[in-house]
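Below is one structure, written out as structure tokens; the observations come after it.
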Amino acid sequence: MITALSITSARRGKEQPTWRVFSLEELKSATNNFKPGNIRGEGGFGSVYWGQLSDGSQIAVKSLKFQSNITETFTVELEILARIRHQNLLSLRGYCAEGQKRLIVYEYMQNLCLHSILHGHNSLKCPLDWNRRMNIAIGSAEGIAYLHHQATPRIIHRDIKSSNVLLDSDFKARVADFGFAKLIPDGATHVTTKVMGTRGYLAPEYAMLGKAKASCDVYSFGVLLLELASGRRPTEMLDSTVRRSIVDWALPLVCEKKFSKIADPRLNGNYVKEELKRVVLVALICAQDLPEKRPSMLDVVELLKGESKDKFSDLENSDMFRSRLAAAGTSVAKDSLDYISEEKELEHPLRKNASCFFAIVAIFKSTLEALF
């Protein structure tokens with residue numbers, strides 16, 4: 001059972017919490033009895049409602065669907081939220097656990113999420129300008145870097161995607177939704193867990209083996225950066241059987257130095273060329289197949305801010321951007337990605353032989369690159 005005492009203990013004597021326990025009646029009143037017109041988002045977890053408290057403050061209320069793992073999901077998210085405090089992470093206002101109801105209350109984000117801005121109904125009317133995109137990229141990177149390097153214990157998010165980057169009234173990024181997150185014990189490099197996540201964002205080794213590392217979040221963030229720069233979705237269907245990832249679409253263009261073709265057409269050319277180049281190169285280095293070659297999120301923040309010319313020069317001259325093999329482009333059969341659902345538990349027979357599979361792929365790539 002969730003209690004205020006159990007969550008408070010997660011803070012281990014730190015500053016007083018800013019959240020509180022809400023009654024179900026209070027949240028019913030705030031959301032007009034969870035009126036459908038108050039819904040601001042829906043997903044596999046349940047629905048998010050807009051609400052207004054008696055003091056006039058606006059809130060977002062996540063109502064979790066009643067299912068077998070609802071208590072675990074609820075507990076995990078509350079424990080994570082009670083531990084963290086960062087300007088680029090969504091803040092907890094409180095929670096309610098009455099009967100079978102499990103509700104989490106957050107501060108309300110007026111501009112909803114990055115996904116709705118890029119792909120929603122109003123995406124053509126009010127496109128994000130380049131300055132805001134850069135701020136969102138850096139802000140969300142700083143939030144994830146906090147989880148990986150400053151939180152105690154360290155935290156792996158496991159579901160970095162555009163719908164989990166919320167935007168406040170000033171379009172400041174707040175990374176949200178910690179229902180899939182995992183705490184990494186001191187001294188551990190990873191946790192082995194059931195695969196959870198969203199099609200197009202999952203690191204291949206995590207999807208295959210179920211080993212969650214910080215580098216898995218880095219891969220997902222690379223996909224997110226490409227989505228932010230290009231306005232495209234993480235994957236696209238080329239025909240009825242073939243699905244192409246945004247990484248496979250962008251890499252050949254980068255090898256040909258065609259960065260302008262990656263920029264979101266809705267920007268109408270209004271972007272800083274060097275910043276676009278920086279974002280795209282960082283994105284692709286994050287979304288490499290081999291996890292050991294991905295940067296840490298601290299390095300990502302430094303690169304996005306342009307704080308190290310030497311590191312960026314090394315990145316710019318990376319072999320992966322000179323490969324003829326990459327320039328030829330690749331595509332992925334849809335069937336090979338079917339185990340990646342939207343937001344549900346994942347399982348796939350390839351995981352049984354994943355180590356052998358990745359070894360063969362690595363040897364094959366190395367051989368071809370040597371030939372070319």
For Ile160, Ile184, ascending order of other Cβ atoms within 10 Å (fewest first) is Ile184, Ile160
For Glu275, Glu256, order by how many other beta-carbon atoms lie within 10 Å, fewest first:
Glu256, Glu275
Violating pairs (Cα-Cα greater than 22 angstrom) within the set Lys172/Lys305; Lys35/Lys161; Lys213/Lys258:
Lys35/Lys161; Lys213/Lys258
3J(HN,Hα) from dihedral phi, the range 35-52, Karplus parametrisation 6.51/-1.76/1.60, rounded to Hz, x for glycine, proline
4, x, x, 8, 5, 10, x, 9, x, x, 7, x, 10, 10, 10, 7, x, 9
Quickly work out the Thr71-to-His119 label distance, labels modelled 7 Å from Cα along the C-beta direction, and quote it in nm with one decimal.
3.4 nm
Once R0 is set to 41 Å, what does the formula 1/(1 + (r/R0)^6) return for the Cβ-Cβ distance between Ser54 and Asn268, expressed as a FRET efficiency to the nearest 0.05?
0.35
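Could you calculate the contour length gain from Lys194 to Asn135, that is, 0.36 nm times the residue separation minus the distance between their Cα atoms, to one decimal place in nm?
Gain on extension, Lys194 to Asn135, equals 17.9 nm.
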Ranked Met320, Met134, Met237, criterion: other C-beta atoms within 10 Å, fewest first:
Met237, Met320, Met134
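Each value in this text was obtained by applying a stated rule to the coordinates, not by laboratory testing. The structure presented is a predicted model; accordingly, all values stated were derived computationally and were not measured. Backbone-built Cβ (ideal geometry, glycine too); neighbour counts: all protein chains shown.
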